Amino acid sequence: MQVFISFSSADRKIAEKIYDRLKKNGIGCWICTKDIPPGADYQSCIVDAINACEVVVLVFSSMANLSPEIAKELSLASKKILIPARIEDVVPQGSFQYQLSNRQFVDLFDDFDNKLDELADRINSVLASTAGKPAAPVIPRRAKNNIPLKLAGAAVLLVLLAGAGWMLKGNLADPGDVQTVALPRTEAAISPPLPASATAPAALAPVHPAAASASSSPPAAVAPAASGPLQVGTFLPLLSGTETYDRINALRSLAERLPMGLSAADANALLDGAGSQRPAGLKLIASRLATELDGKDIVSILDSMTTYDRINSLKLLVSLGKVEPALSAAEANAILEGSEGQRPSGITALASRMEQQLNGKDAAIVLGNTETYDRVNSLRVLVSAGKLATALTPDEANLLLQGTAGQRSAGIQAIANNLAADLGGKGLATILGDTATYDRVNSLSVLSKAERIGKLQNEDLELVLQNTEEQRTRGMKMLAKHLVR
């Protein structure tokens, strides 16, 4: 085994894609989701794998930035070769700022598929150098696109532009009124301009008598007069019939002429047919969208995007101020629908645009089906952004802590200051849930320091201290000051 892959559970699917691609490139890899045998001790397997590897690939994201487990893995791997691979445009914080300060990142978030091959080349080079062998020459990889299809799409676009120009010219009252405007040169313009003596094909000949007698030659590309922004409807005939890469390339050549303040309907019309390339298309037109679009509009623009594409597109829209503030929990949930394992990253991106003081029920809607570390980290995001209401009831707290499993005590710590004060025995037991021994007593300590525990009766002790086992005495001492004498 040559490479250990460290990642946040929120990024599991992307980490496994990296694992599969590296294996395909002949690199021996280890990842916890696939290589820990059933029944084996999880922590021991992690330690053994780190000790056995030569290179550690860190899948770095906003959620990895919050993970104490990754920090532990990097500490164990301090003498290994570390290659951080960013899947989001984020900067290391906290302990990661220290651990990654002198590391060169590999950025996978732009052109993910091709950058994976570059990552494999880099790892092979590193492994060759550590083995004392000359590194194999890196052969430039061919970009994964279809050049002939792009050129064909460009040719179709030119024909459409020329046809539109001749139709416009044929409908003018006077050929002298025709104004030829050359569009900015793009990659699609690969054919030489028509010679001055060239005439229009018979099928495109203008029908107006005055125009028919004119000897002027047709322009290579005709757009309505003026060089400023044009209405969206002007572009749609030029984009008609284009799909995926061809549509994006055509849109790229026209994007600078789009007006500002595009509506969600405008965006959908321009991106129609983009398919899997919709995120690339949205990136081209995002700056032209209207500001503070509501939740329904954002859902419409994101359309069928999922996981990584959906969250990256959402981050782009938020960064450009295109998402209205004070989104409701229902709107936030609709926007995050389909983000799956990337939902915690989506909550982080969207937190600043949510309404203030979400109650327990609404906050649970935003959290969706997140679990364990992801749920706790998402709770921390909502708390730090000031979006979680204070004086939460025990039942609301229990709703928020559902799915935290072994991380429930960490979840309690995250929301402790947002809980109601003067909690009684029954309320404490509801919040503590199925925590036991150290976790249960430590959670009690957190609640006590946050001054959330009220006066307790002797009969409350059994309810609160259940499952504390060898930690019962410690728990009794902690609760003694809260007992009614």
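Starting from the Kirkwood Rh over alpha-carbon pairs, what translational D in µm² s⁻¹ does the stretch 360-460 have by Stokes-Einstein at 10 °C and 1.306 mPa s? Numbers along the way, then the final one.
On the way: Rh = 13.3 Å.
The Stokes-Einstein estimate is 119 µm²/s.
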Legend entry - For the stretch 472-479, 3J(HN,Hα) per residue [Karplus equation, 6.51 cos²θ - 1.76 cosθ + 1.60, θ = phi - 60°, Hz, x = Gly/Pro]: 4, 4, 4, x, 4, 4, 5, 8
Inset, instruction - Just tell me which aspartates and glutamates come within less than 19 Å, Cα to Cα, of Lys477; anything on the same chain fewer than 8 places away is out. - result: Asp422, Asp439, Glu451, Glu459, Asp460, Glu462, Glu469
Inset, instruction - Would you please give the residues with an amide H less than 5 Å from that of Leu423, counting only those at least 5 places away or on a separate chain, with H modeled from the backbone geometry? - result: Ile453, Gly454
Legend entry - With DNA, RNA and ligands ignored, accessible area of Ile248 (1.4 Å probe; Å², nearest 10): 10 Å²
Legend entry - Hz values of 3J(HN,Hα) by residue in the stretch 255-272 - Karplus curve (6.51, -1.76, 1.60), Gly and Pro given as x: 4, 5, 9, 6, x, 7, x, 4, 7, 4, 5, 4, 4, 5, 5, 5, 8, 4
Inset, instruction - Can you spot the aspartates and glutamates whose alpha carbon is less than 14 Å from Lys24's alpha carbon? Ignore those fewer than 8 places along the same chain. - result: Glu16, Asp113, Asp117, Glu118, Asp121
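Just the Kirkwood number for the stretch 28-70, please: inverse of mean 1/r across all distinct Cα pairs, in Å, one decimal. Write out the running numbers ahead of the final one.
Values: mean 1/r = 0.0852 Å⁻¹.
That comes to 11.7 Å for the stretch 28-70.
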Legend entry - In order through the stretch 64-74: 3J(HN,Hα) via Karplus (6.51 cos²θ - 1.76 cosθ + 1.60), integer Hz, x for Gly, Pro: 4, 4, 9, 8, x, 5, 5, 4, 5, 4, 5
Inset, instruction - Please work out, to two decimal places, the log10 of the ratio I(q)/I(0) at q = 0.15, 0.18, 0.27 Å⁻¹ from a Debye calculation in which every Cα of the stretch 414-485 carries one identical scatterer. - result: -0.40, -0.59, -1.43
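Give the peptides 389-395, 465-471, 80-86 in descending order of average Cβ contacts within 10 Å, highest first.
On the way: 389-395: 14.7, 465-471: 16.3, 80-86: 19.3.
The packing order, highest mean first, is 80-86, 465-471, 389-395.
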Inset, instruction - Give the long-range amide H neighbours of Leu483: residues separated by 5 or more places, or on another chain, with amide H under 5 Å away, using H modelled in the peptide plane at 1.01 Å from N. - result: Leu456
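Specify, per residue and in Å³, the volume enclosed by the convex hull of the alpha carbon atoms belonging to the stretch 286-430. Show your work: numbers first, answer last.
Details: hull volume 12.2 nm³, N = 145.
Value for the stretch 286-430: 84 Å³ per residue.
If you filter the stretch 343-425 for trypsin sites (Lys or Arg not before Pro), then keep DSSP loop positions with at most 12 other Cβ within 10 Å, what is left?
Details: sites: Arg353, Lys361, Arg375, Arg380, Lys387, Arg408; in loops: Lys387.
Loop-located and lightly packed - none at all.
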Legend entry - Long-range amide H partners of Leu358 with built H, under 5 Å: Leu388, Ala389
Legend entry - Leu284, Leu270, reordered so the largest accessible area comes first (probe 1.4 Å): Leu284, Leu270
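If you average 1/r over all unlike Cα pairs in the stretch 227-361 and invert the result, what Kirkwood radius do you get in angstrom?
Values: mean 1/r = 0.0656 Å⁻¹.
Over the stretch 227-361, the inverse of the mean reciprocal pair distance is 15.3 Å.
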Legend entry - Among 411-417, 260-266, the order from most to least packed when residues are scored by Cβ within 10 Å on average: 411-417, 260-266
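Taking a threshold of 28 Å on the Cα-Cα distance, which of the pairs Lys80/Lys315; Lys315/Lys449; Lys23/Lys80 fall above it? Each step should come with its number before you reach the end.
Numbers: Lys80/Lys315 33 Å; Lys315/Lys449 37 Å; Lys23/Lys80 20 Å.
Checking Cα-Cα distances, Lys80/Lys315; Lys315/Lys449 exceed 28 Å.
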Inset, instruction - Please express the Cα-Cα pair-distance distribution P(r) of the stretch 1-49 as a list of whole percents, one per 10 Å bin, running from 0 to the bin with the greatest distance. - result: 25, 55, 20, 0
Legend entry - FRET efficiency, Ala52 to Arg21 (Cβ-Cβ, R0 25 Å, nearest 0.05): 0.75
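The values are calculated or read from the model by the stated rules, or taken from the named source; none is laboratory data. Predicted, not measured: the structure shown is a model, and the values here were computed from it. With ideal geometry, Cβ positions are generated from the backbone for all residues, glycine too; neighbour counts draw on all protein chains shown. Side chains included, ligands, DNA and RNA excluded: accessible areas come from the protein's heavy atoms. Shrake-Rupley method; radii C 1.70, N 1.55, O 1.52, S 1.80 Å.
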